[in-house]
1. Of the residues 154, 192, only one is out of contact with any helix residue (DSSP H, G or I) (no Cβ under 9 Å at 6 or more places or on another chain) and under 23 Å from residue 84 (Cα atoms); which?
2. Does segment 130-140 contain at least one residue that is touching a Leu at 6+ places or on another chain (Cβ under 9 Å) and under 26 Å from residue 3 (Cβ atoms)?
3. Which residues, counting only those in segment 160-181, are part of a strand (DSSP E or B) and among the aliphatic types (A, V, I, L, M)?
4. Please go through segment 171-192 and pick out each residue that is surrounded by 16 or more Cβ atoms within 10 Å (Cβ to Cβ) and either among the hydroxyl-bearing types (Ser, Thr, Tyr) or in contact with a His (Cβ under 7 Å, 6 or more places away or on another chain) (or both).
5. At least 2 residues that are of a type in the set (A, V, I, L, M), touching a strand residue (DSSP E or B) at 6+ places or on another chain (Cβ under 9 Å) and crowded, with 17+ Cβ neighbours inside 10 Å in each: list the strands (runs of 3 or more DSSP E) lying fully within segment 4-49 that qualify.
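None of the figures in this text is laboratory data; all of them are computed from the coordinates on show. Fair warning: this is a prediction, and the values are worked out from it, not measured in the lab. Positions of Cβ are backbone-derived with ideal geometry, glycine not excepted, and every protein chain shown enters the neighbour counts.
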Amino acid sequence: MTVNGPFTTAAASLLRLLPDNTTGFSTFTSAGSFTNNGTIELTSVNAGYGSILAVSGSNTLTNAAGGTITSLVGAGGPRTIDAQLNNLGTVTLSQPLTLSHASAAHTNSGTIDASAADFALTQSGTNPSFTNTGTVTIGAGHFWTINGGTLNQNAGSIGGAGTLSLNNMTASFATNFSNATTALVASGVTFNGRAR
C-alpha cells in the first residue's frame, strides 16, 4: 500500500502490517512525511513473510511521543523500517528489526527497547548518522549492530546486558559508555569521546 503525500495517524489508531501466504511481503509506503501518534505493528502469519514500513526520499518517519512501533514475532520473517526515523515515542523489538535508509539522519529522543531481539542499523549514502539523546536497551544475548555512518551518543543512554557492535564507522560519545555491563565489539571504528 502506498500513501501519496504527508500522512498522520491518530492517537487511538492501529496500523498492522500483516503478510500471509497469499500476499507475500507486506509493505506500507508513505511518499511524504509520516507522523505516527498511535500504534504500528510489524508482524506476519503462516509463512513468515516480511513486513516493511517505508517513507520515501528525505521525508521523515516521526514516531511521536506516545506513539509505538512494535516488531512482533508473528510467524517469523524479517521486519524492516526503510525510512529516516525520528523517534520520540517507543520502538519495541520482539522480532529482529532492521533500520536502513540511504543518506538518513536518524534521531532517537525516546525509547528503543531491544531487550528481546536484535536491532540492525545499516547506514549508507551521504553523511548518514544516528543521534541518540534517549534510551536504547540491548537485552542479554542480543545485539545492536551498526554498519557504516556515524553514531552520535549525545545524551541519554545505551545500556543493557547485550552487545553494541560497531563496524566501519565513526562513534562519538558525549556521555560515558562502559563495557562493564554492555559488551562492545568494534571493527574499523574511529572513536571520539568517552567510550571505554
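1. Working: 192 fails: under 23 Å from residue 84 (Cα atoms).
That would be 154, the only listed residue that is out of contact with any helix residue (DSSP H, G or I) (no Cβ under 9 Å at 6 or more places or on another chain) and under 23 Å from residue 84 (Cα atoms).
2. Yes - at least one qualifying residue is present in segment 130-140.
3. Looking only at segment 160-181, we keep the residues that are part of a strand (DSSP E or B), and these are 163-177.
Matches in segment 160-181: 164, 166, 169, 171, 174.
4. Of everything in segment 171-192, those that are surrounded by 16 or more Cβ atoms within 10 Å (Cβ to Cβ) and either among the hydroxyl-bearing types (Ser, Thr, Tyr) or in contact with a His (Cβ under 7 Å, 6 or more places away or on another chain) (or both) turn out to be 172, 182.
5. On the way: elements: 14-17, 26-30, 34-36, 39-42.
Passing ranges, in order: 14-17, 39-42.
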